[in-house]
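Trainee: Handing you a structure now.
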C-alpha cells in the first residue's frame, strides 16, 4: 500500500511524538507499505519555520536526512496533481492540504492524517 504522510504526521513520526496514533505508526512501520512525503509538506514546513510558526526538534536543514533515514520516498508535485486540485470541492481551505489530497487521489494513496475533513474527499485516510 502507498501511504502519503500529512505534514504533521511526518513531523510527529520523526520526532517520536505521542500525538501519532498507534494505527498510524504501525502503517508507517509496516515494511509492506511505501511511505511518501510530498514536496508540498517540505515547502509548508520551510515557510512555517521561516515565519517562526513551527519549531522542530532539529534544524530544517536536516529534514531531508529524516526522509532518507526512514526510507520515505519524496513525492514531487506534478501537473496532474495541480489539475486534480482544480476539481476539489471547497471543504478544505488550506492550500497545502488540498494539494496533498489531490496527490493522494491521483497517485491512489492512503493519506495518514489527524485531519478528519480529508474524509469529505475521495481519499482513504488512516488515523484511528
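Trainee: For Cα extents along the principal axes in Å, which listed value, (1) 42, 27, 24; (2) 66, 46, 17; (3) 37, 35, 23, comes from the coordinates shown?
Mentor: Derived directly from the coordinates: (3).
Trainee: Based on DSSP H runs of at least 4 residues, each adding -39500 (n - 2.57), what is the mean residue ellipticity at 222 nm of the chain after dividing by all its residues, to the nearest 500 deg cm²/dmol?
Mentor: Taking each H run of at least 4 residues, the total per residue is -12000 deg cm²/dmol.
Trainee: Can you give me the relative contact order of the stretch 2-126 as a percent, contacts being Cα pairs under 8 Å and 6 or more apart?
Mentor: Relative contact order for the stretch 2-126 comes out at 32 percent.
Trainee: How many angstrom lie between the C-alpha centres of the stretch 70-128 and the stretch 1-54?
Mentor: If you average the Cα positions of each part, the centres end up 13 Å apart.
Any read-out appearing in this document is the output of simple, stated calculations on the displayed coordinates, not a laboratory observation. Treat the numbers as computed from the prediction; the structure is a model and nothing was measured.
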